[in-house]
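The values are calculated or read from the model by the stated rules, or taken from the named source; none is laboratory data. What you see is a predicted model; the values in this text were computed from it and never measured. Here the Cβ is made from the backbone with ideal geometry for all residues, glycine too, and neighbour counts use every protein chain on show.
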Ligand SMILES: [Zn+2]
Ligand SMILES: [Zn+2]
């Protein structure tokens, strides 16, 4: 079958690979749409980023149709539409029970990233039944492929618990920043979104941003002029390939009022940290929450059904979050026949597309 394989930085290659075989506790899924993650982009761009083993079939943000069901799997039928959680975990160890599946002590993997689980940029993908979520009626295929990125955003906003009327600044409006904006709009007093890219600023308005700005180097001064007490919450989405973003954490500390919260939502590597003034952060008694790339379940809020993934799916069903507002670019899998086709796709990010979905099947 056809697949897109990561063979090292700058090397994502269309190849032929063997079809996966479903184990007794797995299903095979025929992918519909697959999101190109900004982490895929980082792996493509950066030799320093070595999370993906060479030879990994990419694609961890996806939805699809169940094509085959393993012998031990109940409650799933061929033809069901699913938006799987790409994480592979046991569901039984202490960390899984506590909702920290990314710290599962027995099984570790991430479909399309590492752990020997090939991804969904292929005609078929193997998924543990434990990781399956049914797609709600009415959710588009792009919506199904956006659940993973949106879940990160939702977990983070749930945990920082913004207060009604807060003044919020979102620095960086890639997919997480946009979903965060969507969740904050309607709760916050003002959501100011700063991003150097016009497409992302336009998307931020669709997600409900009150104000969008192209952040110059007087961002802090300008914000302070209109908000002399500072922001209540600053969300930082810093990606290595957005040059401006390497200043976001330092600026966030300067933007905050005393006692404010910084949500460090997305950051690649450690390059942000040397720029900050720890004395200023300490003097302001900031609450800095660092989520990185983790989401999970919250048993103390009612068990698995209230986990981040399920809550995100319901937010998408009610229209609170919508993948359509991303204004994403959709590329057919059939158009990706040669390496140069994939190179063109990867170069759409970050400046020429807000998000890219590959339509593997319809
Ligand atoms: Zn991702
Ligand atoms: Zn576990």
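What number of residues within segment 154-196 are farther than 20 Å from residue 250 by Cβ and away from ligand 1 (no atom under 16 Å from the Cβ)?
20
Could you pull out the residue among 82, 69, 57, 88 that is touching a residue at least 40 places away in the same chain (Cβ under 8 Å), more than 19 Å from the chain's Cα centre (by Cα) and crowded, with 16+ Cβ neighbours inside 10 Å?
The match here is 69.
Looking only at segment 104-153, how many residues end up being more than 19 Å from residue 22 (Cα to Cα) and either more than 15 Å from ligand 1 (Cβ to nearest atom) or not in a helix (DSSP H, G or I) (or both)?
The number of residues fulfilling the criteria is 11.
Could you check how many residues of segment 307-342 are exposed (fewer than 15 other Cβ atoms within 10 Å of the Cβ) and free of Cβ contacts under 8 Å to residues at least 40 places away in the same chain?
Of the residues in that region, 6 qualify.
Please give the number of the condition residue 123 fails out of (1) at pLDDT 95 or above; (2) surrounded by 20 or more Cβ atoms within 10 Å (Cβ to Cβ); (3) at negative phi.
Answer for residue 123: the failing condition is (2).
I need the strands (runs of 3 or more DSSP E) fully contained in segment 1-84, keeping only those with at least 2 residues that are in contact with a strand residue (DSSP E or B) (Cβ under 9 Å, 6 or more places away or on another chain), modelled with pLDDT of 95 or more and under 14 Å from residue 346 (Cβ atoms).
Because the criterion is at least 2 residues that are in contact with a strand residue (DSSP E or B) (Cβ under 9 Å, 6 or more places away or on another chain), modelled with pLDDT of 95 or more and under 14 Å from residue 346 (Cβ atoms), the strands (runs of 3 or more DSSP E) in segment 1-84 that meet it are 2-6, 12-16, 26-36.
From (1) surrounded by fewer than 16 Cβ atoms within 10 Å (Cβ to Cβ); (2) over 23 Å from the mean Cα position of the chain (by Cα); (3) away from ligand 2 (no atom under 16 Å from the Cβ), pick out the condition that doesn't hold for residue 116.
(2)
Filter segment 91-103 down to residues that are surrounded by 15 or more Cβ atoms within 10 Å (Cβ to Cβ) and away from ligand 1 (no atom under 16 Å from the Cβ) and give me whichever is modelled with the lowest pLDDT.
99
Could you pull out the residue among 199, 219, 130, 171 that is more than 16 Å from ligand 2 (Cβ to nearest atom) and either surrounded by 24 or more Cβ atoms within 10 Å (Cβ to Cβ) or within 20 Å of residue 314 (Cα to Cα) (or both)?
Sole residue among the options that is more than 16 Å from ligand 2 (Cβ to nearest atom) and either surrounded by 24 or more Cβ atoms within 10 Å (Cβ to Cβ) or within 20 Å of residue 314 (Cα to Cα) (or both): 171.
Residues in segment 282-299: is at least one more than 21 Å from residue 135 (Cβ to Cβ), modelled with pLDDT under 65, in contact with a helix residue (DSSP H, G or I) (Cβ under 9 Å, 6 or more places away or on another chain) and not in a loop (DSSP other than H, G, I, E, B)?
Yes, there is a match, as at least one residue in segment 282-299 is more than 21 Å from residue 135 (Cβ to Cβ), modelled with pLDDT under 65, in contact with a helix residue (DSSP H, G or I) (Cβ under 9 Å, 6 or more places away or on another chain) and not in a loop (DSSP other than H, G, I, E, B).
Just to verify a result, which residue in segment 75-92, among those that are in contact with a helix residue (DSSP H, G or I) (Cβ under 9 Å, 6 or more places away or on another chain) and within 15 Å of ligand 2 (Cβ to nearest atom), is farthest from residue 114 (Cα to Cα)?
By that ranking, first place goes to 91.
Restricting attention to segment 163-207, which residues are in contact with a helix residue (DSSP H, G or I) (Cβ under 6 Å, 6 or more places away or on another chain), in a loop (DSSP other than H, G, I, E, B) and farther than 14 Å from residue 236 by Cβ?
Those that are in contact with a helix residue (DSSP H, G or I) (Cβ under 6 Å, 6 or more places away or on another chain), in a loop (DSSP other than H, G, I, E, B) and farther than 14 Å from residue 236 by Cβ: 196, 207.
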